[in-house]
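The structure under discussion appears below in the form of structure tokens.
Quick note: the coordinates plus some simple rules give every number you see, no bench work behind them. Keep in mind that this is a model prediction, so the values were computed, not measured. Positions of Cβ are generated from backbone atoms using ideal geometry, with glycine treated the same way; all protein chains shown enter the neighbour counts.
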Amino acid sequence: MKTQQLVRIMIASALVSTVQLAAAKPPGISFSGGDGSSQATAIIVKAPDEMSGVHAEHAYLRQHYPGSTEGAQAVLHSKGRDYDTVEITTADGKTKTIWFDITSYFGK
């Protein structure tokens, strides 16, 4: 095998590994609950701290709404729980508000 071919294979392999790592869920992160279309069906995000929790929210949106753009965001407190709402515009132009229950990591 020629050196150039070997280098190309090594670069391609490294890129694939990087993409897989970027898509992987960080340790201590989990999602449960509903589809996030309302407070009652909020996506429950379990995270050890705010930084990883916020990162998890953005990763969730990228994975479940590819090509969407984020708009307004708000933090709300209701019935002893903390919520983050994120308005998105989907790839096909629809506007949605996604609810995340952030109680597990808010303020940590």
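How much length is gained on full extension from Asp82 to Ser32, taking 0.36 nm per residue of separation minus their Cα-Cα distance? Let's see the in-between values first.
Details: separation 50, 0.36 × 50 = 18.00 nm, distance 1.52 nm.
Taking Asp82 through Ser32 to full extension adds about 16.5 nm, to one decimal.
Ordered by residue, what ³J(HN,Hα) values in Hz, to whole numbers, does region 83-90 give under the Karplus form 6.51 cos²θ - 1.76 cosθ + 1.60, where θ = phi - 60° and Gly and Pro are x?
Whole-Hz 3J(HN,Hα) from phi for region 83-90: 10, 10, 10, 10, 8, 10, 10, 6.
Sort region 48-95 into rounded, prolate or oblate with this rule: let a ≥ b ≥ c be the square roots of the eigenvalues of the Cα gyration tensor; rounded if a/c is under 1.5, and if a/c is not under 1.5, prolate when a/b is larger than b/c, oblate otherwise.
Numbers: a/c = 2.94, a/b = 1.53, b/c = 1.93.
It is oblate, given that a/c is not under 1.5 and a/b is not larger than b/c.
From the backbone phi of region 28-39, what are the Karplus-calculated ³J(HN,Hα) couplings (6.51 cos²θ - 1.76 cosθ + 1.60, θ = phi - 60°) in whole Hz, Gly and Pro given as x?
Per residue, the Karplus-derived 3J(HN,Hα) values read x, 9, 8, 10, 8, x, x, 8, x, 7, 7, 4 Hz.
If the chain between Thr90 and Gln39 were fully stretched, how many nm would it gain, using 0.36 nm times the residue separation less the Cα-Cα distance?
Working: separation 51, 0.36 × 51 = 18.36 nm, distance 1.97 nm.
Residue separation times 0.36 nm, minus the Cα-Cα distance, leaves 16.4 nm.
Can you sort Val45, Val75, Val86, Val54 so the residue with the fewest Cβ neighbours within 10 Å comes first? Intermediate results must be reported in sequence, preceding the final value.
Details: Val45 25, Val75 11, Val86 21, Val54 17.
Lowest count first: Val75, Val54, Val86, Val45.
What does the C-alpha gyration tensor say about the overall shape of region 22-108? Classify as rounded when a/c is under 1.5, otherwise prolate if a/b is larger than b/c, or oblate. Walk me through the intermediate numbers first.
Details: a/c = 1.85, a/b = 1.20, b/c = 1.54.
Oblate is the answer for region 22-108, as a/c is 1.5 or above yet b/c matches or exceeds a/b.
Can you sort Leu76, Leu61 by how many other beta carbons sit within 10 Å, fewest first?
Details: Leu76 12, Leu61 19.
In order of increasing Cβ crowding within 10 Å: Leu76, Leu61.
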